[in-house]
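Presented below is the structure to which this report refers.
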Amino acid sequence: MKNFNTSISRRSLIASAFAGLGVVALGGLTACGGSSTAAEGSTAADSTTLTVAASPTPHAEILNDFAAPLLAKEGIELKVKEYTDYIQPNKDTTSGAVDANYFQHITYLENYNAENGTDLVSAGLIHYEPFAVYAGTSSDLDAIAEGATIAVPNDPTNEGRALLLLQDLGLITLKDPENLEATPKDIKDNPHNIKFQELEAAALPRALSSVDFAVINGNYAIEAGYHVADALAHESSDSLAVEKYANIVCVAKGNEDSKAVKALVKTLTSDDFKAYLEENYGEDVLPAF
C-alpha cells in the first residue's frame with residue numbers, strides 16, 4: 001500500500017465534462033431559442049453576437065465574469081445560456097441554436113460524436129478540472145478498510161477516469177491499465193475488496209455521508225463547496241489529464257475559424273485568464289494551454 005499526499009506528484013493515468021464530463025442528462029434546461037445569428041441562418045463570423053451554451057460552474061461564471069467584458073471591448077456581445085445537462089448543449093450547437101458551447105472535455109466530445117454521428121469540433125483547449133478523491137465516512141486512504149465503498153461517476157468517460165486515478169493510487173489494478181472507459185467489471189486486482197457505488201456525477205457530493213470515499217468531477221465538487229486543496233488525492237498537474245480531459249470551446253465544424261469564436265478562444269487562452277483562474281479558483285480549475 002502506498003503513502004498518499006494531498007498532491008500526487010507522479011504521473012496520473014489518464015483518469016467528464018465537466019465535462020465530465022459525460023453524465024446522464026439531469027433533466028436540464030433546454031435552450032429557449034437560438035441567438036440572432038442562428039435565427040438569421042448566418043454564422044458566428046457574420047454577427048457581433050456570440051451565443052455560448054455553458055454549464056453553471058465554472059464555465060458560465062468564467063464567460064460572464066471574465067470573457068464578456070473583454071469581448072465587449074471588441075464589439076462582440078457574448079450571450080451565455082446555462083444548461084444543467086451534457087446532452088442538450090451539443091444538440092443546440094449542432095442545430096445552430098447556439099454558436100458554441102463550453103462545458104465538456106475533448107474525450108467526452110469524441111465519445112458524443114461517435115455515438116450521435118455528429119461532427120462537432122474543438123476550437124481550443126481552455127482549462128481542466130482535476131478529479132479528486134474526497135473523504136466520506138473514512139478519511140485515510142493509507143488505512144482503507146476491507147470492503148470499503150467508493151462512489152464513482154457512472155458515465156463512460158468519467159467512470160473510467162475515476163478508476164484510472166484509483167489505479168494510480170495503488171488501490172486497484174485494471175485488466176487494461178490505460179482503458180479510458182473502464183468499469184468495475186474491468187478490474188483485475190482489488191486487494192481491499194473495494195465496493196463501488198456508481199452514481200450520476202452530480203449526485204457524488206451528496207453521497208459522501210454514506211460512502212467511505214468518493215471520486216468527484218471538478219465542476220460538481222466546486223458547486224458543492226469542495227476544493228482540490230481539501231481532497232485526499234487528485235490528478236497531478238503533469239498528468240495526461242490535460243490532454244485527455246481538458247475542457248474545450250466546442251463548435252460545429254467550420255465555425256472554429258469564425259472571427260467571434262477565435263476572439264473568445266484568444267481571450268480564454270491569455271495570460272490574463274491564467275491570472276484570473278489562479279485568483280478565483282486556485283487548484284480547482286487549471287489552464288490547459
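So the values come out like this:
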| read-out | value |
| --- | --- |
| So Leu63, is it in a helix (DSSP H, G or I), out of contact with any helix residue (DSSP H, G or I) (no Cβ under 7 Å at 6 or more places or on another chain) and either at pLDDT 95 or above or open to solvent by 30 Å² or more (accessible area, probe 1.4 Å) (or both) | yes |
| Within the stretch 150-171, tally of residues that are within 15 Å of Asn193 (Cβ to Cβ) and among the β-branched types (Val, Ile, Thr) | 1 |
| Conditions (1) within 25 Å of Thr118 (Cβ to Cβ); (2) in contact with a helix residue (DSSP H, G or I) (Cβ under 9 Å, 6 or more places away or on another chain); (3) open to solvent by less than 10 Å² (accessible area, probe 1.4 Å); (4) not in a loop (DSSP other than H, G, I, E, B); number of the one not met by Val98 | (4) |
| Test: residue in the stretch 125-141 that is under 24 Å from Gly225 (Cβ atoms), open to solvent by less than 20 Å² (accessible area, probe 1.4 Å) and small (Gly, Ala, Ser) | yes |
| Unmet requirement for Gly147, which otherwise passes all of (1) farther than 15 Å from Gln197 by Cβ; (2) outside any strand (DSSP E or B) | (1) |
| The stretch 259-276, residues that are more than 25 Å from Asn111 (Cα to Cα) and out of contact with any strand residue (DSSP E or B) (no Cβ under 6 Å at 6 or more places or on another chain) | Lys259, Ala263, Lys266, Thr267, Ser270, Asp271, Asp272, Phe273, Ala275, Tyr276 |
| Wholly within the stretch 182-289, helices (runs of 4 or more DSSP H) carrying at least 2 residues that are farther than 24 Å from Leu50 by Cα and open to solvent by less than 50 Å² (accessible area, probe 1.4 Å) | 204-207, 218-223, 241-245 |
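Matching residues to (1) assigned to a helix (DSSP H, G or I); (2) over 21 Å from Leu277 (Cα atoms); (3) open to solvent by 20 Å² or more (accessible area, probe 1.4 Å); (4) of a type in the set (S, T, N, Q):
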| site | (1), (2), (3), (4) |
| --- | --- |
| Leu50 | no, yes, no, no |
| Gly75 | no, yes, yes, no |
| Leu109 | yes, yes, no, no |
| Thr118 | no, yes, yes, yes |
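The values are calculated or read from the model by the stated rules, or taken from the named source; none is laboratory data. As the structure is a prediction and not an experimental result, all values here were calculated from the model. Ideal geometry is used to build each Cβ from the backbone, glycine not excepted, and the neighbour counts take in all protein chains shown. Only protein heavy atoms, including side chains, enter the accessible area calculation; ligands, DNA and RNA are left aside. Shrake-Rupley method; radii C 1.70, N 1.55, O 1.52, S 1.80 Å.
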